[in-house]
2 protein chains.
Amino acid sequence: METPDAFRPLDRETKASERPGDHKDELRLWLRLLTCSTMIEREIRRRLREEFRTTLPRFDLMAQLEKSATGMTVGEVSQRLMVSNGNVTTVVAGLVEEGLVDKRPAPHDRRVQVLSLTASGRRQFRIMAERHEEWIADLFAGLGGADLPALMRLLGTTKQSIQGAIRRAGAEAEEA
Amino acid sequence: METPDAFRPLDRETKASERPGDHKDELRLWLRLLTCSTMIEREIRRRLREEFRTTLPRFDLMAQLEKSATGMTVGEVSQRLMVSNGNVTTVVAGLVEEGLVDKRPAPHDRRVQVLSLTASGRRQFRIMAERHEEWIADLFAGLGGADLPALMRLLGTTKQSIQGAIRRAGAEAEEA
DNA sequence: TGCAAGCATTTTAAGCTTGAAATATTTTTG
DNA sequence: CAAAAATATTTCAAGCTTAAAATGCTTGCA
C-alpha cells in the first residue's frame, strides 16, 4: 500500500537508462513544461479579457485568419489550431456575430466554407496582436541572451520526438 | 494603457532591448512551447480515454491526492493544479460518484472539505500512473542524453521569468 | 456577547472542448 | 449513369473551465 516516493532510494543523479522502468525525470520535465505553458496561457487569457473583452480561442482563430490573404477553410483552421472541427464552428459563430469574421461557401465546392477577417476584424486584431506580442516578450524577459535560441532548439527536438512517438502509436494501432 | 511598453526605455539587458518593438523571437518560442504541450496533452487525453475510459482532469486530480498521505483541502488542490475552486468541486463530484475519491468535512473547521483517494481510487490510480509514466517517457524518447537536463534547466529559468512578469503586472495593478 | 470581516467552498451563467453522429456535397467506381 | 465511398461541416451530448455571486462557517474585536 504505502511506498511513498520519499522512502525509495531516490538518486536523481542516476540516468534514466540506468534505472529500467523508472522514468521520473521525463515526468518531471513534462510537469515543468506544462506549468510554463499553463501559467502563460492563464495570464494571456486574463489580459485579453481585461484589456479587450475577448477570449484566447477567439484571438487564436483570428491570428490564423490574419496570416492568410485568401481566407481559410474550417478544416485548415482546425488542423492549424489543433482543435476539433466542431470547435471551430462554434468559435467562428461568435466572431461572425460580432462582425469580425466573414464566412461564405467556396465557389467550386459547396461543402467548404471559406473564413476570413472582415476589415473591422483585421483592424481590431492588429491592435490586440501588438499588445499580445509585448506581453509575451515581457513573460520571457528573464531569459538570458543565449537561452532563447537554446530553448528554441531543444523544443524543436522535443516536438520531433513527440511527433515520432505519436506516429509510432498510430502505426501500432493500424496493425489491428 | 497610457504608456505602452514600446515607448518606455526598455533596458533589460536582453536582446529584445536592442530591437525596440520587435519581439518575434519570443512569440515564436511561445508558439513552439504551446505546440509541444498541446500535442502531449492531446495524446495523453486520447490514451487515458481509450485505455482507461477516464479524462485528464480526473487523472490530474487523483495524482495530487495520491501524493498526500493525510488528504488535501479543495483550496490546496485548486492551487496546485492551477484551476479555479469551482472546477475542483465539479471534477471531485464525478470522482466521488465513481467511488474513487472520499470527501468529508474537516473535524475542526466545517468550512473545509478534506479530499482523499479511496482504496479503490488508489489502486486504480497506481495502474494508470504506471502507464502514464511510460507514455511520457516514450514521448520524450527522442531527446539526447544531455538534452533532458538542459531543457529542465531552461524551463526552470522560464518559469521564474514568467512568475516575475506576472508579479510585476500584479504590483502595477495594485497601484490603482 | 454580538457582529463585522474574512475564508472555504459551492453555485451560477456563459463559453469552450471533445468525439461521435448526422447532414450535405463531391468523387470514385462498378 | 447510379450506387457507394469519401470529404467538409454542423449538430449533439457530455463534460470542463472560468469569474463572479452566494452560502455557510470561523475569527477577531469592540
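The values are calculated or read from the model by the stated rules, or taken from the named source; none is laboratory data. Note that the structure is a prediction, hence the values are computed from the model and not measured. Neighbour counts are summed over all protein chains in view; Cβ atoms, including those assigned to glycine, are modelled from backbone coordinates with ideal geometry. In case anyone asks, the SASA skips ligands and DNA or RNA and just uses the protein heavy atoms, side chains included. Shrake-Rupley method; radii C 1.70, N 1.55, O 1.52, S 1.80 Å.
For segment A:162-172, the criterion of being under 17 Å from the mean Cα position of the chain (by Cα) and modelled with pLDDT of 95 or more is met by no residue. Take segment B:135-144 and flag every residue that is more than 7 Å from every other protein chain (Cβ to nearest Cβ) and over 14 Å from residue B:45 (Cα atoms). Correct list: B:144 only.
Is it the case, given these coordinates, that residue B:119 is away from chain A (no Cβ under 14 Å) and surrounded by fewer than 15 Cβ atoms within 10 Å (Cβ to Cβ)? The answer is no for residue B:119.
Taken together, B:88, B:96 contain a single residue that is within 16 Å of DNA strand C (Cβ to nearest atom), more than 13 Å from chain A (Cβ to nearest Cβ) and within 30 Å of residue B:33 (Cβ to Cβ), which is B:88. Could you please let me know if residue B:129 is assigned to a helix (DSSP H, G or I), under 26 Å from residue B:71 (Cα atoms) and open to solvent by 10 Å² or more (accessible area, probe 1.4 Å)? It is true that residue B:129 is assigned to a helix (DSSP H, G or I), under 26 Å from residue B:71 (Cα atoms) and open to solvent by 10 Å² or more (accessible area, probe 1.4 Å). Just to be sure, is residue B:35 at pLDDT 90 or above and open to solvent by 40 Å² or more (accessible area, probe 1.4 Å)? The answer is no for residue B:35.
Looking at segment B:31-124, none of the helices (runs of 4 or more DSSP H) lying wholly inside it contains 3 or more residues that are basic (Lys, Arg) and touching a residue at least 60 places away in the same chain (Cβ under 8 Å).
Can you tell which of A:52, A:59 is more than 7 Å from DNA strand D (Cβ to nearest atom), in contact with a His (Cβ under 8 Å, 6 or more places away or on another chain), open to solvent by less than 60 Å² (accessible area, probe 1.4 Å) and within 14 Å of another protein chain (Cβ to nearest Cβ)? Let's see the steps before the verdict.
On the way: A:52 fails: in contact with a His (Cβ under 8 Å, 6 or more places away or on another chain).
The unique qualifying residue is A:59.
Across segment B:62-101, the qualifying residues are those that are open to solvent by less than 60 Å² (accessible area, probe 1.4 Å) and among the hydroxyl-bearing types (Ser, Thr, Tyr), and the one among them that is nearest to residue B:119 (Cα to Cα) is B:68.
Given the criteria under 23 Å from residue A:49 (Cβ atoms) and not hydrophobic (A, V, I, L, M, F, W, C), does residue A:131 qualify? Spelling it out, residue A:131 is indeed under 23 Å from residue A:49 (Cβ atoms) and not hydrophobic (A, V, I, L, M, F, W, C).
Here is a check on your reading of the model: is residue B:80 in contact with a helix residue (DSSP H, G or I) (Cβ under 8 Å, 6 or more places away or on another chain), within 22 Å of residue A:31 (Cα to Cα), modelled with pLDDT under 95 and within 8 Å of DNA strand C (Cβ to nearest atom)?
Details: in contact with a helix residue (DSSP H, G or I) (Cβ under 8 Å, 6 or more places away or on another chain): yes; within 22 Å of residue A:31 (Cα to Cα): yes; modelled with pLDDT under 95: yes; within 8 Å of DNA strand C (Cβ to nearest atom): no.
No, not satisfied.
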